[in-house]
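Engineer: Just dropping this structure here.
Derivation of every value follows stated rules applied to the coordinates shown; laboratory data play no part. Just so we're clear, the structure is a prediction, and the values are computed from it rather than from any experiment. Quick reminder, even Gly has a Cβ in these numbers, built from the backbone with ideal geometry, and neighbours come from all protein chains shown.
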Amino acid sequence: MPAIRFPHVQFFGRTWREYEQIWNLRLDDLHGKRVLDCPCGPASFVSEARRRGIDIVGCDPLFALPLAQLRARGEADIAETMRLIRTQNPMLAGNDPESYASEKRKALDELLNDFALHGPSGTKCDGRYVNAALPTLPFADHSFDVVLSAHFLFTYAAVEDGGMMATREFDLDFHLRAMTELARVAREIRLYPCYGVDPAHPMRHPYADPVLHHLQSMGMNARYERSTYDQGVPEWNFSIVASR
């Protein structure tokens, strides 16, 4: 079965419930903290977290696009990603691909509705959505207590390096620079997933240990923590959590 190979990072997001499972989060874990979702893509987490009283910012390079283009990109990427998952790597959708796809569309709709109000051109713009991209972020040192980073790092390494990208744009050096930047702006980093996505060879991602050691070299307490989010690889289903 051939590996999934993308020419660009997909605008493909997740819901509050999925974030809870990915990092075993409880509401109390984030209340009273300043949180960054980076990159957040079309996840509904920022909107849903704000409704729950959490001080959160989401950043993504596609937030430079107007709303109509964001919608078109999100709908196209969901359709293309689900087509490839169904034909090439069904484990990524867990046990229920239709429910998985429905969650992606739900996340996109929630993001777009919130972005229309609170995005840079919204009538109630409040800074919760920022146009920014790793490895250089427009935030001051220690701006956040926690940064959540899911389904970009590791996932979009080159196919030959355990990811889904057609090019080596996001190589190991990029990952280490991204970790240095996240450690600059936040006191705690949570990173998921840590496995390679080749369905024929499930394994820990080859960049995961170097990233973990890099975080430790910066004085952070970095470790693997098991995730309850089901993507069909229970033996490798961990996040990296690093804190000071």
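Engineer: Springs between alpha-carbon pairs under 10 angstrom, Gaussian network model over the chain: which of 107, 79, 178 fluctuates most?
Structural biologist: Among 107, 79, 178, the largest GNM mean-square fluctuation belongs to 79.
Engineer: Rank these for me by crowding, 85, 240, 4, going from fewest to most other beta carbons within 10 Å.
Structural biologist: Least crowded to most crowded, the residues run 85, 4, 240.
Engineer: I'd like the distance separating the alpha-carbon centroids of region 111-134 and region 73-101, in whole Å.
Structural biologist: The distance from the Cα centre of region 111-134 to that of region 73-101 comes to 26 Å.
Engineer: If you stretched the chain out fully between residue 126 and residue 51, how much longer would it get, using 0.36 nm times the residue separation minus the C-alpha to C-alpha distance? Mind showing how you got there, number by number?
Structural biologist: Working: separation 75, 0.36 × 75 = 27.00 nm, distance 1.38 nm.
Between residue 126 and residue 51, full extension yields an extra 25.6 nm.
Engineer: Which of rounded, prolate, oblate describes region 138-231, given a ≥ b ≥ c as roots of the alpha-carbon gyration tensor eigenvalues and a/c under 1.5 marking rounded, otherwise prolate only if a/b is larger than b/c?
Structural biologist: Working: a/c = 1.93, a/b = 1.54, b/c = 1.25.
Prolate is the answer for region 138-231, as a/c is 1.5 or above and a/b outweighs b/c.
Engineer: A follow-up question, please. Given the peptides 188-197, 129-138, arrange them by the average over their residues of other C-beta atoms within 10 Å, most packed first. Provide the component values of the computation, followed by the final result.
Structural biologist: Values: 188-197: 24.0, 129-138: 16.8.
The most tightly packed comes first, giving 188-197, 129-138.
Engineer: Decide, for region 98-180, between rounded, prolate and oblate: order the square roots of the alpha carbon gyration tensor eigenvalues as a ≥ b ≥ c, take rounded if a/c falls under 1.5, and otherwise choose prolate if a/b is larger than b/c, else oblate. Walk me through the numbers before you get to the answer.
Structural biologist: Working: a/c = 2.48, a/b = 1.27, b/c = 1.96.
Here region 98-180 falls in the oblate category.
Engineer: In the chain, which helices (entire DSSP H runs) extend 15 Å or more along their own long axis, judged by Cα positions, while averaging at least -1.0 on the Kyte-Doolittle scale? Please list the in-between numbers first.
Structural biologist: Numbers: long enough: 67-88 (31 Å, -0.35); 97-118 (31 Å, -0.80); 172-185 (20 Å, 0.29).
Once both thresholds are applied, what remains is 67-88, 97-118, 172-185.
Engineer: Along Cα→Cβ, 7 Å out, is where each label goes; now give me the distance between the ones at residue 72 and residue 87 in nm to one decimal.
Structural biologist: Taking the two extended label points, one gets 2.4 nm.
Engineer: Now a separate question. Give me 124, 106 ranked fewest to most by other Cβ atoms within 10 Å of their Cβ, as a rough exposure proxy.
Structural biologist: Working: 124 10, 106 15.
With the fewest neighbours first, 124, 106 line up as 124, 106.
Engineer: Okay, moving on. Simple spin-label model, 7 Å along Cα-to-Cβ: residue 235 to residue 160 in nm?
Structural biologist: Inter-label distance under the simple model: 2.7 nm.
Engineer: Calculate, in nm to one decimal, what residue 243 and residue 28 gain on full extension: separation in residues at 0.36 nm each, minus their alpha carbon distance. Don't jump to the answer; show the numbers that get you there.
Structural biologist: Details: separation 215, 0.36 × 215 = 77.40 nm, distance 1.73 nm.
That pair, residue 243 and residue 28, stretches by 75.7 nm at full extension.
Engineer: Also, quick follow-up: How much length would be gained if the chain were fully extended between residue 173 and residue 145, taking 0.36 nm per residue of separation minus their Cα-Cα distance, in nm to one decimal?
Structural biologist: Numbers: separation 28, 0.36 × 28 = 10.08 nm, distance 2.49 nm.
Extra length from residue 173 to residue 145 when fully extended: 7.6 nm.
Engineer: Where both residues lie in region 16-243, what percent of DSSP beta bridges are antiparallel, nearest 5?
Structural biologist: 45
Engineer: Just checking my list (1) 48, 42, 32; (2) 53, 38, 31; (3) 58, 46, 26 against Cα extents along the principal axes in Å computed from this structure; which label fits?
Structural biologist: Recomputing Cα extents along the principal axes in Å here gives the entry labelled (1).
Engineer: Okay, next question. Mind giving me the nanometre distance, one decimal, between the label points for residue 80 and residue 136, set 7 Å out from Cα along Cα→Cβ?
Structural biologist: Taking the two extended label points, one gets 2.7 nm.
Engineer: Then there is this: Does region 46-116 classify as rounded, prolate or oblate by the C-alpha gyration tensor (a ≥ b ≥ c root eigenvalues; a/c under 1.5 gives rounded; else a/b over b/c gives prolate, otherwise oblate)? All intermediate terms of the calculation are to be shown ahead of the outcome.
Structural biologist: Working: a/c = 2.52, a/b = 1.53, b/c = 1.65.
Since a/c reaches 1.5 but b/c is at least a/b, the shape of region 46-116 is classed as oblate.
Engineer: Counting only helical runs of four or more DSSP H residues, what would the 222 nm mean residue ellipticity of the chain come to if each run contributes -39,500 (n - 2.57) and the total is spread over all its residues? Numbers along the way, then the final one.
Structural biologist: Numbers: 7 runs with 87 residues, N = 244.
Result for the chain: -11000 deg cm²/dmol, rounded to the nearest 500.
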